[in-house]
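For reference, the structure is listed below as structure tokens.
Derivation of every value follows stated rules applied to the coordinates shown; laboratory data play no part. As the structure is a computational prediction, the values presented were derived from the model and not from experiment. Neighbour counts run over all protein chains shown; Cβ positions are idealised from the backbone, glycine included.
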């Protein structure tokens, strides 16, 4: 049985994962949401101006009124500004599973930051909320995202072919990774 508690602050060695605040729009826009390289494999395109980031933040803030919303801003303790996000994108109460999505600014790639955030969020979702299975997917053209999943302890499950259409009109395949609560 899931016991939803919503987005709570989670602290790791280097990070604070917290709810977004209205004032985070500037960080969101400048640190990742406006970068075409960061958004290359995401379903949403880069924000053209800060108003798009403000609109996204407003939506996130409204979603916090629901106890099954899990949407964290990633803050480096030594920098104090938001550098990315991690969230539960899809929930399935029938089998107590969820799917996680994440995004981080290019300046912060290849430093283990997202792996640290993903591990912390999975621990919270397993042991505080009661999820039994966590899933994450990535476009096959974005293997770096798969390495984050592997380093966080997730195992490759399958490839789903032609799962969707990219913004450029081409179809893409996804690699699926899973982790179960009872796995090491």
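When only Cα pairs under 8 Å and 6 or more residues apart are kept, what is the percent relative contact order across the range 10-180?
It rounds to 19 percent for the range 10-180.
Determine the calculated [θ] at 222 nm for the chain from helices alone, applying -39500 (n - 2.57) to every DSSP H run no shorter than 4 residues and normalising by the residue count; nearest 500 deg cm²/dmol.
Numbers: 4 runs with 39 residues, N = 184.
Calculated at 222 nm, the ellipticity per residue is -6000 deg cm²/dmol.
Enter the Cα centre distance for the pair the range 161-184 and the range 1-69, rounded to the nearest angstrom.
Value for the Cα centre distance between the two parts: 21 Å.
What distance in nm separates the two pseudo spin-label positions at residue 144 and residue 21, each 7 Å out from Cα along the beta-carbon direction?
2.9
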